[in-house]
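The values are calculated or read from the model by the stated rules, or taken from the named source; none is laboratory data. Please read all numbers here as calculations on a predicted model, not as lab measurements. We place every Cβ from the backbone using ideal geometry, glycine too, and count neighbours over all the protein chains shown.
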Amino acid sequence: MDSSIDISTEDLNSQAKGDGEGQAAALGLSPKSKEILQSEEHSYVQDMVNHNRVVVFSKTHCPHCTDSKSLLSDMGVEYKAVELDQIYNGGQVQNVLERITDARTVPRIFIDGKCVGGNSDLKSLDQTGVLEDMLHKIPN
């Protein structure tokens with residue numbers, strides 16, 4: 001899975017000026033999607049992804065999240081964990097992640113600004129050697 005997170009509020013505003021619903025529909029976005037992508041939570045997600053090479057959006061009691069964080073730690077990877085059940089707006093952040101990645105489940109893992117998916121996706125990347133290649137590549 002390869003989802004980019006480079007949808008900026010400015011891009012949405014410049015492309016969707018006008019009556020809101022009609023313009024958002026023209027972009028393929030529902031008014032609710034546009035509202036979510038312009039939110040404080042969207043800015044938070046974008047900031048986390050843009051300022052950290054590896055980000056794991058997680059929940060503290062999720063075994064799949066723990067598994068992903070253990071895999072990254074065992075590889076010596078520095079990552080930023082965002083525990084959605086420990087922040088006041090975690091549910092809203094999870095809604096934003098769903099809109100960006102087309103999946104609501106956790107973990108949601110980003111490497112170099114791109115969503116690589118969840119735990120099973122991370123394990124698959126590891127088993128094929130792609131994960132190590134991604135992590136050793138010098139980011140742009």
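I'd like the residue in the stretch 57-71 that is assigned to a helix (DSSP H, G or I) and out of contact with any helix residue (DSSP H, G or I) (no Cβ under 8 Å at 6 or more places or on another chain) and, out of all such residues, is surrounded by the most Cβ atoms within 10 Å (Cβ to Cβ). Let's see the steps before the verdict.
Start the filter on the stretch 57-71 by keeping residues that are assigned to a helix (DSSP H, G or I), which leaves 63-71.
Checking the rest, the ones that are also out of contact with any helix residue (DSSP H, G or I) (no Cβ under 8 Å at 6 or more places or on another chain) come to 63, 66, 69-70.
On the way: 63: 9, 66: 15, 69: 20, 70: 10.
Among residues in the stretch 57-71 that are assigned to a helix (DSSP H, G or I) and out of contact with any helix residue (DSSP H, G or I) (no Cβ under 8 Å at 6 or more places or on another chain), the one surrounded by the most Cβ atoms within 10 Å (Cβ to Cβ) is 69.
Taking residue 88 and the conditions (1) surrounded by fewer than 16 Cβ atoms within 10 Å (Cβ to Cβ); (2) out of contact with any strand residue (DSSP E or B) (no Cβ under 9 Å at 6 or more places or on another chain); (3) over 30 Å from residue 39 (Cα atoms), which numbered condition does it fall short on, given that it satisfies the others?
It is condition (3) that residue 88 fails.
Look through the stretch 113-125, keep the residues that are of a type in the set (D, E, K, R) and more than 11 Å from the chain's Cα centre (by Cα), and return whichever of them is surrounded by the fewest Cβ atoms within 10 Å (Cβ to Cβ). Explain how you work it out, then say what you get.
Kept after step one, since they are of a type in the set (D, E, K, R), are these residues of the stretch 113-125: 114, 121, 123.
Remaining after also requiring more than 11 Å from the chain's Cα centre (by Cα): 121, 123.
On the way: 121: 19, 123: 16.
Here the residue is 123.
Within the stretch 129-139, track down each residue that is assigned to a loop (DSSP other than H, G, I, E, B) and without any contact (Cβ under 8 Å) to a residue 12 or more places away in the chain. Lay out the reasoning, then the answer.
Narrowing the stretch 129-139 to residues assigned to a loop (DSSP other than H, G, I, E, B): 129, 137-139.
Across the stretch 129-139, the qualifying residues are 129, 138.
I'd like to verify a number: residues in the stretch 77-128 that are in contact (Cβ under 8 Å) with a residue 12 or more places away in the chain and either in a loop (DSSP other than H, G, I, E, B) or of a type in the set (A, V, I, L, M, F, W, C) (or both), how many?
Qualifying residue count for the region: 25.
Does residue 19 satisfy the condition of being under 14 Å from the mean Cα position of the chain (by Cα), modelled with pLDDT under 65 and outside any helix (DSSP H, G or I)? Walk me through how you get there before you give the answer.
Values: under 14 Å from the mean Cα position of the chain (by Cα): no; modelled with pLDDT under 65: yes; outside any helix (DSSP H, G or I): yes.
No; evaluated as a whole, the condition is false for this residue.
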